[in-house]
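Take a look at the structure set out below.
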């Protein structure tokens with residue numbers, strides 16, 4: 001489907017603003033377990049370890065600013081900015097309690113580490129290392145903006161190439177794939193030593209994993225191919241260059257690019273831009289095609305969130321349980337060549353096993369069917385519900401742990 | 001009053017909804033509006049040709065369809081969908097198949113049957129296995145063939161029904177060079193469906209707007225032309241009198257072939273959704289149209305051909321590419 005709204009490149013440059021001095025961050029634990037020393041009113045230094053996770057898919061969590069833990073619940077920790085950390089000797093400020101969390105964090109050296117040790121070290125620095133270590137025959141770096149409304153990849157390639165190179169050098173150490181490919185939008189000119197270049201039409205959903213793998217390899221086999229977003233390479237690069245835990249994140253927020261501390265609340269971005277929201281608007285964490293609508297503005301930016309978008313009231317017809325009119329528009333537009341018309345009706349009427357037979361597991365939740373549906377049916381919602389019933393992982397599920 | 005903020009005081013309140021948060025913006029209502037625009041030229045031509053008679057039939061059919069659907073939904077306690085415009089469009093489509101002089105009770109009964117038997121008994125829009133206007137048309141044609149015969153109910157008209165002439169006197173009975181007159185609607189038939197040029201213009205508008213996909217009309221017309229050409233060329237060798245197998249273009253210029261191919265065969269719910277299935281469906285519908293015209297007892301083959309072909313839609317839907325990865329279930 002050709003639609004100008006699906007173009008994934010911008011003609012005008014969108015420089016990345018670096019945000020410092022955020023008054024408060026809220027860090028979501030996800031599936032990580034907080035350390036026992038993390039308590040209210042404890043002073044923490046930027047980079048101090050706050051929560052851990054056993055899986056290589058989830059990086060550990062660190063304080064992203066210097067400050068004092070203001071609030072702590074089962075799902076998040078809030079840190080309020082309070083100037084510089086104490087020196088090691090500990091000339092204490094009055095109210096806050098000082099523990100080892102307040103000690104400034106020392107950079108780690110990656111020299112001489114073998115593959116396993118390097119992976120472990122990076123995980124402790126907050127990197128989800130699983131995609132990098134996955135054995136494969138082809139390693140693709142996806143340099144397309146993942147979804148419409150995200151604008152950061154061109155800027156990263158233009159301005160932050162040294163960071164990406166640093167990240168890529170670690171990738172080469174973690175993964176011994178015989179071939180590395182940089183998937184660039186048409187007209188893009190970046191290059192990495194040791195990686196081939198493929199130009200791809202910058203049109204959604206070409207930026208999603210399976211369609212992109214098909215374009216690059218020409219085959220519909222994803223088993224021996226690893227695909228990583230440029231975003232993740234950039235995160236790896238930040239850690240590689242500093243040797244410090246991951247505390248920053250690049251994201252497109254309301255059409256502008258930022259390099260902001262992890263956990264920066266949505267409200268802070270609104271304040272910076274002087275953006276006013278009305279009742280009935282939607283605020284989306286992630287892309288407009290696959291993201292999550294949030295109900296409160298204190299939600300902090302997670303490592304997996306590369307965009308915050310704003311959908312004005314009434315800009316989209318309401319999605320309701322309207323009957324499918326069987327027009328076939330979704331069948332034409334599905335990049336996975338599924339039959340969303342049948343899938344959604346099976347899910348709607350609770351025939352989940354039929355969904356499995358119609359290969360629901362192949363669905364990548366790109367949102368194209370819901371975008372085009374003239375009956376305005378909540379297609380993705382049906383598919384997620386059916387996947388949940390069948391015990392298949394959904395896109396949101398995979399993000400929830402982060 | 002409680003100390004803290006109550007829920008209603010929290011401002012602003014955001015809509016928490018399901019993705020995608022973008023929409024193409026083309027809804028069923030817009031689709032039905034485009035259908036009405038596409039039907040407008042033929043409706044105008046029908047009124048120009050038959051006067052208030054044609055308007056009477058179209059208005060009555062559309063009104064009865066809307067009324068029947070709203071009463072049916074009320075009686076069954078279903079959510080009303082009458083405002084999506086599909087009942088209105090169905091009514092006009094049904095009226096296009098009727099002769100301009102159809103008596104009011106025939107129009108009313110047919111319209112009610114179109115909505116109830118054609119669609120609502122199966123669950124409403126999107127659930128019908130057959131094209132609703134064709135169901136109504138078939139019920140009327142079988143029940144009151146005389147009142148559905150354009151020649152019989154339009155006695156005052158000076159026009160002729162070319163289908164009858166071709167059926168009983170052979171295609172050579174049509175005066176030479178009458179193609180242009182036929183194209184411009186100079187024939188008796190369904191009040192809208194016989195306005196060939198106007199219907200064709202409306203059909204092309206539907207294609208341009210993307211309401212219907214080009215595959216079905218193209219395959220349908222190709223099916224008619226190919227089968228017609230085969231019988232025209234080889235008919236005498238097969239023992240069919242040369243007068244019974246007209247040149248293929250006459251199939252398109254007479255009766256409701258064009259109207260059915262663009263407006264009824266493409267009815268979303270009763271037609272296949274995958275490209276391969278669409279071609280097979282259209283070709284079969286075209287093939288059956290010619291077969292019914294030559295061998296059947298009904299002079300206009302297209303409506304019954306599409307009704308029959310629609311029965312095979314679930315089969316045609318099996319003609320499809322395998323999902324990503326090439327693994328079939």
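The values are calculated or read from the model by the stated rules, or taken from the named source; none is laboratory data. Since we're looking at a predicted model, the values are computed, not measured. Every residue, glycine as well, gets a Cβ built from its backbone with ideal geometry; the counts of neighbours run over all protein chains shown.
Residues in segment A:288-305 that are in contact (Cβ under 8 Å) with a residue 40 or more places away in the chain and more than 8 Å from chain B (Cβ to nearest Cβ) were compared, and the one that is surrounded by the most Cβ atoms within 10 Å (Cβ to Cβ) is A:301.
One residue stands out in segment A:176-222 among those that are within 14 Å of another protein chain (Cβ to nearest Cβ) and free of Cβ contacts under 8 Å to residues at least 12 places away in the same chain: the one that is nearest to residue A:164 (Cα to Cα), namely A:214. Does residue A:268 satisfy the criteria of being closer than 18 Å to residue A:7 by Cα, at pLDDT 90 or above and either more than 12 Å from every other protein chain (Cβ to nearest Cβ) or surrounded by fewer than 22 Cβ atoms within 10 Å (Cβ to Cβ) (or both)? So residue A:268 does not fit the description; no. Of the candidates B:109, B:90, the single residue that is farther than 20 Å from residue B:34 by Cα and either part of a helix (DSSP H, G or I) or not assigned by TED's automatic domain parsing to the domain that holds residue B:255 (or both) is B:109. Of the residues making up segment A:350-360, those that are part of a loop (DSSP other than H, G, I, E, B) and either within 8 Å of chain B (Cβ to nearest Cβ) or under 15 Å from residue A:205 (Cβ atoms) (or both) are A:358, A:359. Answer with yes or no whether residue A:363 is more than 27 Å from the chain's Cα centre (by Cα), more than 8 Å from chain B (Cβ to nearest Cβ) and crowded, with 23+ Cβ neighbours inside 10 Å. In short, no.
Of the listed requirements (1) closer than 18 Å to residue A:132 by Cβ; (2) at pLDDT below 90; (3) out of contact with any helix residue (DSSP H, G or I) (no Cβ under 8 Å at 6 or more places or on another chain), residue A:222 misses just one: (3). Taking residue B:241, is it within 22 Å of residue B:294 (Cα to Cα) and either surrounded by fewer than 24 Cβ atoms within 10 Å (Cβ to Cβ) or assigned by TED's automatic domain parsing to the domain that holds residue B:95 (or both)? Considered against the rule, which asks whether it is within 22 Å of residue B:294 (Cα to Cα) and either surrounded by fewer than 24 Cβ atoms within 10 Å (Cβ to Cβ) or assigned by TED's automatic domain parsing to the domain that holds residue B:95 (or both), residue B:241 comes out as yes. Within segment A:223-240, the set of residues being more than 14 Å from chain B (Cβ to nearest Cβ) and surrounded by fewer than 20 Cβ atoms within 10 Å (Cβ to Cβ) comprises A:228 only.
For segment A:21-31, taking the residues that are in contact (Cβ under 8 Å) with a residue 60 or more places away in the chain and assigned to a loop (DSSP other than H, G, I, E, B), the one that is surrounded by the most Cβ atoms within 10 Å (Cβ to Cβ) is identified as A:22. Scanning segment A:366-375 for residues that are at the interface with chain B (Cβ under 7 Å from one of its Cβ atoms) and either free of Cβ contacts under 8 Å to residues at least 60 places away in the same chain or touching a strand residue (DSSP E or B) at 6+ places or on another chain (Cβ under 6 Å) (or both) gives A:370, A:374, A:375.
Filtering B:100, B:95 for residues that are under 18 Å from the mean Cα position of the chain (by Cα) and assigned to a loop (DSSP other than H, G, I, E, B) leaves a single hit, B:100.
Scan segment B:261-281 for residues that are within 14 Å of chain A (Cβ to nearest Cβ), part of a helix (DSSP H, G or I), in contact (Cβ under 8 Å) with a residue 60 or more places away in the chain and in contact with a helix residue (DSSP H, G or I) (Cβ under 8 Å, 6 or more places away or on another chain) and the total you get is 5.
If only residues of segment B:13-49 that are surrounded by fewer than 22 Cβ atoms within 10 Å (Cβ to Cβ) and under 16 Å from residue B:157 (Cβ atoms) are counted, the one that is nearest to the chain's Cα centre (by Cα) is B:47. If we scan segment B:318-325, do we find a residue that is more than 14 Å from chain A (Cβ to nearest Cβ) and touching a residue at least 24 places away in the same chain (Cβ under 8 Å)? Taking every residue of segment B:318-325 in turn, none turns out to be more than 14 Å from chain A (Cβ to nearest Cβ) and touching a residue at least 24 places away in the same chain (Cβ under 8 Å).
Would you be able to say whether some residue in segment A:306-323 is more than 10 Å from every other protein chain (Cβ to nearest Cβ) and outside any loop (DSSP other than H, G, I, E, B)? Among the residues of segment A:306-323, at least one is more than 10 Å from every other protein chain (Cβ to nearest Cβ) and outside any loop (DSSP other than H, G, I, E, B), which makes the answer yes. Applying the set (1) in contact (Cβ under 8 Å) with a residue 60 or more places away in the chain; (2) surrounded by fewer than 22 Cβ atoms within 10 Å (Cβ to Cβ) to residue A:349 leaves exactly one unmet item: (1). Filtering segment A:331-349 to residues that are closer than 15 Å to residue B:269 by Cα, within 8 Å of chain B (Cβ to nearest Cβ) and not in a loop (DSSP other than H, G, I, E, B) leaves A:331, A:341. Taken together, the residues in segment A:192-208 that are more than 13 Å from residue A:139 (Cβ to Cβ) and in contact with a strand residue (DSSP E or B) (Cβ under 6 Å, 6 or more places away or on another chain) amount to 5. Of the residues making up segment B:142-167, those that are farther than 20 Å from residue B:50 by Cβ and at pLDDT 90 or above are B:142, B:143, B:145. Only one entry in B:181, B:138, B:194, B:152 is more than 14 Å from chain A (Cβ to nearest Cβ) and in contact with a helix residue (DSSP H, G or I) (Cβ under 7 Å, 6 or more places away or on another chain), namely B:138. Within segment B:179-209, the set of residues being in a loop (DSSP other than H, G, I, E, B) and surrounded by fewer than 16 Cβ atoms within 10 Å (Cβ to Cβ) comprises just one member, B:184. Got a sec? Which of B:227, B:309, B:257 is more than 26 Å from residue B:98 (Cβ to Cβ), away from every other protein chain (no Cβ under 14 Å), in contact (Cβ under 8 Å) with a residue 40 or more places away in the chain and crowded, with 21+ Cβ neighbours inside 10 Å? Matching residue, one of B:227, B:309, B:257: B:227.
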